[in-house]
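Single-structure report; data block below.
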Amino acid sequence: MIELDKVWKSYDTTDVLKDLDFIANKKDFVSIRGKSGVGKSTLLRIIGLLESPSKGKVKLFGKSVGELSDGQKSSLRLHSMGFIFQFFNLIPSLTVLENIELPLALAGIKKIERKKRALELLNHFDLANLANRFPPTLSGGERQRTAIIRALTNNPKIILADEPASSLDDENSALLMELLSYINKEKGTTIVLTTTDLYEKLPTTRDYLLKDGHLLEAR
């Protein structure tokens with residue numbers, strides 16, 4: 001699903017990622033741990049085709065992304081990948097339902113169909129009562145779960161989650177991990193998650209530590 005081969009990422013004279021190799025297969029649930037500022041978000045942005053590496057090769061679904069046009073990259077992000085951000089990135093002027101519909105609208109799905117699909121997801125996760133609420137009126141846990149549901153609307157094969165629990169309390173963090181674990185096991189979605197917690201027990205299949213630009217398998 002994901003393959004990085006000797007990837008480097010440099011900003012001016014600073015090497016953030018150095019000769020980094022990484023593979024994630026179908027149904028993997030991978031954590032990338034590391035302190036703030038070590039390059040975890042940069043790594044996710046490279047996997048998610050939001051940034052290009054300075055050197056090295058990136059493959060998604062067996063295809064070299066260096067050979068893809070900008071339009072092909074955008075299509076891959078829209079139809080095959082879901083993104084969950086640290087601070088939710090919900091649009092405050094849209095209702096929960098409209099926020100969840102947004103990726104479907106960008107994909108050209110007609111309004112009746114996208115509303116139906118969004119409501120089905122809200123009902124599936126017992127959050128239909130939030131449909132007409134606006135993000136500023138939600139708790140942190142409700143906003144993050146809304147963001148996860150939005151990431152699922154286009155049935156992505158890969159979900160990239162950038163420190164999704166960092167702004168949640170322990171209870172909501174646990175609910176979040178249960179939800180991601182369910183998505184991974186029941187839907188077979190590959191998940192790559194970053195966290196600053198070096199020791200937290202997570203429902204992951206593999207764990208890595210990003211340090212000094214290198215990715216090390218956690219023991």
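The values are calculated or read from the model by the stated rules, or taken from the named source; none is laboratory data. None of these values were measured; they are calculated from a predicted model. Here the Cβ is made from the backbone with ideal geometry for all residues, glycine too, and neighbour counts use every protein chain on show.
Brief remarks on what is shown
- Among residues of region 117-130 that are modelled with pLDDT of 85 or more, those with a beta-carbon under 9 Å from a residue that is assigned to a helix (DSSP H, G or I) and among the small types (Gly, Ala, Ser) at least six positions away or on a different chain give the pairs LEU119/ALA128; LEU122/ALA128.
- Looking at region 1-90, the strands (runs of 3 or more DSSP E) lying wholly inside it that each contain 1 or more residues that are of a type outside the set (Asp, Glu) and without any contact (Cβ under 8 Å) to a residue 12 or more places away in the chain sit at 2-11, 14-24.
- GLY82 being closer than 20 Å to THR146 by Cα and surrounded by 13 or more Cβ atoms within 10 Å (Cβ to Cβ): yes
- Every condition in (1) in contact (Cβ under 8 Å) with a residue 40 or more places away in the chain; (2) under 28 Å from HIS79 (Cα atoms); (3) out of contact with any strand residue (DSSP E or B) (no Cβ under 7 Å at 6 or more places or on another chain) holds for LEU176 except the one numbered (1).
- Candidate set: region 156-173, residues that are over 13 Å from the mean Cα position of the chain (by Cα) and touching a residue at least 12 places away in the same chain (Cβ under 8 Å); chosen: the one nearest to ILE2 (Cα to Cα): SER166
- Residue list for region 131-156, filter: closer than 21 Å to LEU202 by Cα and surrounded by fewer than 19 Cβ atoms within 10 Å (Cβ to Cβ): GLY140, GLY141, GLU142
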